[in-house]
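Undergrad: Next up is a structure, given as structure tokens.
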Amino acid sequence: MGRVWTMKVHFPNTLVYYAQKRLWESLLSGAMVMVDRMAIPEFMPHPFIHKKHLVYYDPNNQTEFNELLDYYVKNEAEARKIGEAGYNFVLDHHMTSDRVSY
């Protein structure tokens with residue numbers, strides 16, 4: 001991959017407008033990204049697949065969030081696989097030049 005794995009899981013702040021930029025930056029870090037579904041526009045072509053490119057969580061369900069976080073921290077190889085898949089998916093489908101078209 002050529003990048004240093006410095007963060008196992010990243011959570012872009014989805015409560016502010018700036019969140020969209022942080023989502024792309026997070027995915028391109030190579031870390032596995034956990035994000036609430038509200039942060040992903042429904043109209044976006046080439047949608048992300050839950051547990052393949054990133055992990056969605058329900059922001060109103062703290063138990064689910066904690067269980068997902070605990071699982072992926074303990075299963076680092078799986079988290080790395082998702083992080084790598086998310087990274088490659090963004091490179092293939094969601095660079096700035098791609099996003100301009102939608």
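Undergrad: Using a cut-off of 16 Å between alpha-carbon atoms, which aspartates and glutamates can reach residue 21, once sequence neighbours fewer than 8 places away in the same chain are excluded?
TA: Excluding near neighbours in sequence, the set is 36, 98.
Undergrad: So for 82, 49, what's the accessible-area order with a 1.4 Å probe, most first?
TA: 49, 82
Undergrad: Sorted by packing (mean other beta-carbon atoms within 10 Å per residue), highest first, where do 27-35, 64-72 land?
TA: 27-35, 64-72
Undergrad: Using only the Cα atoms of region 45-98, build the gyration tensor, take square roots of its eigenvalues as a ≥ b ≥ c, and label the shape rounded, prolate or oblate: rounded if a/c is under 1.5, else prolate if a/b is larger than b/c, else oblate.
TA: The shape class here is oblate.
The values are calculated or read from the model by the stated rules, or taken from the named source; none is laboratory data. Model, not experiment: these values are computed from the prediction. We place every Cβ from the backbone using ideal geometry, glycine too, and count neighbours over all the protein chains shown. Accessible surface areas use protein heavy atoms only, side chains included; no ligands, DNA or RNA. Shrake-Rupley method; radii C 1.70, N 1.55, O 1.52, S 1.80 Å.
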